[in-house]
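Data block below; observations after.
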Amino acid sequence: MTQADDRLVQGEVRYVEYGDDAVAYLSERDPRMADAIARIGHVWRVRDDDLFQAVVHSIVGQQISTRAQATVWARMRDGLGTVDAAHVAAASVEELQAFGMTYGKVGYIHDFALHVQDGSFDIAAVERMGDDEAIEALASLRGVGRWTAEMILTFCLNRPDVFAYDDLAIQRGLRMLYHHRRITRKLLERYRRRFSPYCSVASLYLWEVAGGALPELRDLAQKAGPARKRPARKAGEKDGGAARKVVRKGASAPRKDAGAGAGTTYVTTFETGMIGTLTLASDGERISHCWFEHDRNWDADAAKTYVRKDDLPVFDIACRWLRRYFAGERPDSSELPLGLSGTPFRMAVWGQLLRIPYGQTVTYGELAERVESQTGRRTSARAVGGAVRHNPICVIVPCHRVVGSGGSLTGFAGGIEVKARLLAAEGVKMG
């Protein structure tokens, strides 16, 4: 289990599990992977333990957006009560179509449920099978291809050694991390042997790289497309599959919570007892924002669309972290599923903010030097200051630890007094 094993189960949210042994093995075998792991930190990805639901969810998500998939899935759960073989098999084709699915998808899902019901598809046996046998069994289902089967093994059965050649984002991640122009089957097999028996864990980091987690890396393919933020199915594959949310330090999230086609933004509040009330925002799986009272980055118009939901599991995780912080402990931000999103430059700056130790400060100039060393591009204290000012997750991403030359307290989203209180609470002596 990982150092975060006690947080793998929070309410209804579970995350893909991998241990320190996997991280140590990959780091020892490959220096570039070791560097990626160290810089990215723990990768949080949502896991679905129910194999029947995972298959149905994958079929629902075929060739539609993640947002549309979430809408259909919510209707299905509300309409059926429980998404299991008995309820799906008992529903009529018309009832299933009413949830927003095409006739073809309904046929795949209904057929799957009937096979599970009559025992012709032994779903419990799949869970006991080896990887190759399980992939073959799942891919035999109508509407499920090999790529989707591999994703189900990774994100439902939590198999540690799955490496999907047909995943375009894995290929992109390999090109970026190892400076290849093309990934052939032979080359991918070489990496498979290198990463095995932890190919699934290596895949998590390759997806992060492909999504821009290390902004200085570039795809050398001549016709490289934009970074994908989820595992990409094989070009032309018809079975599709469910997109899995990335939940990590430095993950992607909508730059604006509302009006950007990003789905519902949930909010809750946390009373600090020291600096007033913080407002937390989430997409349901990761923390995307944390605002101070009277925060200059607060968007009143966008806030009109936010949905208050105090019992969201990810809020429980974050509030417990904040309680520890304001009690004088030193919780690590890598313990939280964060969803940062911004330009590559801002992501680089925010990543450096997360590296500033508790109780220490750096100047804007020093931070600029660190970002320049990371990205290899000339930058300035002024440019870094602009990125710091737009930090969307206050306190947790500690922009309060950045000070002006000579240790002066400069502008701050929560106000200079709040910044001073946070630094004093961490034992920083100013002036």
In region 1-24, which residue that is modelled with pLDDT of 85 or more and open to solvent by 70 Å² or more (accessible area, probe 1.4 Å) is nearest to residue 332 (Cα to Cα)? 20
Residue set 373, 333; condition surrounded by fewer than 18 Cβ atoms within 10 Å (Cβ to Cβ) and either closer than 23 Å to residue 43 by Cα or of a type outside the set (Phe, Trp, Tyr) (or both); output residue 373
Is there any pair with a first residue in region 67-86 that is on the phi > 0 side of the Ramachandran plot and a second that is open to solvent by 50 Å² or more (accessible area, probe 1.4 Å) whose Cβ atoms are under 9 Å apart and which are 6 or more apart or on different chains, and what are they? 81/87
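So which of 55, 46, 23 ends up being touching a residue at least 24 places away in the same chain (Cβ under 8 Å) and in contact with a strand residue (DSSP E or B) (Cβ under 7 Å, 6 or more places away or on another chain)? If you could, list the steps in order and put the result at the bottom.
On the way: 55 fails: in contact with a strand residue (DSSP E or B) (Cβ under 7 Å, 6 or more places away or on another chain); 23 fails: in contact with a strand residue (DSSP E or B) (Cβ under 7 Å, 6 or more places away or on another chain).
None of the others qualify; the one that does is 46.
Yes/no per residue for (1) at pLDDT 90 or above; (2) buried (at least 18 other Cβ atoms within 10 Å of the Cβ):
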| residue | (1), (2) |
| --- | --- |
| 37 | yes, yes |
| 51 | yes, yes |
| 55 | yes, yes |
| 60 | no, yes |
| 71 | no, no |
| 79 | yes, no |
Residue, most open to solvent (accessible area, probe 1.4 Å), within region 260-291, restricted to residues that are within 22 Å of residue 328 (Cβ to Cβ) and of a type in the set (S, T, N, Q): 269
From 322, 312, grab the single residue that is touching a strand residue (DSSP E or B) at 6+ places or on another chain (Cβ under 6 Å) and closer than 15 Å to residue 400 by Cβ. 322
State which residue is modelled with the highest pLDDT when the search covers only region 81-94 and only residues that are open to solvent by 60 Å² or more (accessible area, probe 1.4 Å) and over 33 Å from the mean Cα position of the chain (by Cα). 90
Of everything in region 292-306, what is part of a helix (DSSP H, G or I) and open to solvent by 30 Å² or more (accessible area, probe 1.4 Å)? Give them in sequence order. 300, 301
Just one of the numbered conditions (1) open to solvent by less than 30 Å² (accessible area, probe 1.4 Å); (2) of a type outside the set (S, T, N, Q); (3) touching a Pro at 6+ places or on another chain (Cβ under 7 Å); (4) more than 23 Å from residue 216 (Cα to Cα) is not true of residue 167; which one? (4)
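Is it the case that residue 344 is open to solvent by 40 Å² or more (accessible area, probe 1.4 Å) and not hydroxyl-bearing (Ser, Thr, Tyr)? Please lay out each step first, then the result.
Values: open to solvent by 40 Å² or more (accessible area, probe 1.4 Å): yes; not hydroxyl-bearing (Ser, Thr, Tyr): yes.
When the stated conditions are applied, residue 344 passes them.
State which residue is surrounded by the most Cβ atoms within 10 Å (Cβ to Cβ) when the search covers only region 181-225 and only residues that are among the basic types (Lys, Arg) and either closer than 23 Å to residue 377 by Cα or touching a helix residue (DSSP H, G or I) at 6+ places or on another chain (Cβ under 8 Å) (or both). Steps first, please.
Let us first name the residues in region 181-225 that are among the basic types (Lys, Arg), namely 181-182, 185-186, 190, 192-194, 218, 223.
Filter once more, so that each one left must be either closer than 23 Å to residue 377 by Cα or touching a helix residue (DSSP H, G or I) at 6+ places or on another chain (Cβ under 8 Å) (or both): 181-182, 192, 194, 218.
On the way: 181: 10, 182: 11, 192: 15, 194: 13, 218: 10.
Ranking the qualifying residues of region 181-225, first place goes to 192.
Among the listed residues 328, 365, identify the single one that is part of a loop (DSSP other than H, G, I, E, B) and open to solvent by 20 Å² or more (accessible area, probe 1.4 Å).
Numbers: 365 fails: part of a loop (DSSP other than H, G, I, E, B).
Step by step, each of 328, 365 is checked, and only 328 is part of a loop (DSSP other than H, G, I, E, B) and open to solvent by 20 Å² or more (accessible area, probe 1.4 Å).
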So, residue 316, is that one in a loop (DSSP other than H, G, I, E, B) and closer than 30 Å to residue 284 by Cβ or not? no
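Given the structure, is residue 407 within 17 Å of residue 295 (Cβ to Cβ) and modelled with pLDDT under 90? Reasoning before the result, please.
Working: within 17 Å of residue 295 (Cβ to Cβ): no; modelled with pLDDT under 90: yes.
Answer is no for this residue.
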Where residue 106 falls short, out of the listed (1) closer than 24 Å to residue 164 by Cα; (2) crowded, with 21+ Cβ neighbours inside 10 Å: (1)
What pairs can you find where one residue is in region 126-150 and in contact (Cβ under 8 Å) with a residue 24 or more places away in the chain and buried (at least 20 other Cβ atoms within 10 Å of the Cβ), the other is among the hydroxyl-bearing types (Ser, Thr, Tyr) and not in a loop (DSSP other than H, G, I, E, B), and their Cβ atoms are less than 6 Å apart, with a gap of 6+ or different chains? 143/108; 148/58
Among (1) in contact with a helix residue (DSSP H, G or I) (Cβ under 6 Å, 6 or more places away or on another chain); (2) of a type outside the set (Phe, Trp, Tyr); (3) open to solvent by less than 20 Å² (accessible area, probe 1.4 Å), where does residue 322 come up short? (1)
Determine which single condition residue 325 fails, assuming it passes every other condition in (1) under 15 Å from the mean Cα position of the chain (by Cα); (2) modelled with pLDDT of 90 or more; (3) not small (Gly, Ala, Ser). (1)
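The values are calculated or read from the model by the stated rules, or taken from the named source; none is laboratory data. Being a predicted model, the structure only gives us computed values, none of them experimental. Because the Cβ atoms are built from the backbone with ideal geometry, glycine has one as well, and the counts that use them run over all protein chains shown. Calculation scope for accessible area: heavy atoms of the full protein, side chains included, ligands and nucleic acids excluded. Shrake-Rupley method; radii C 1.70, N 1.55, O 1.52, S 1.80 Å.
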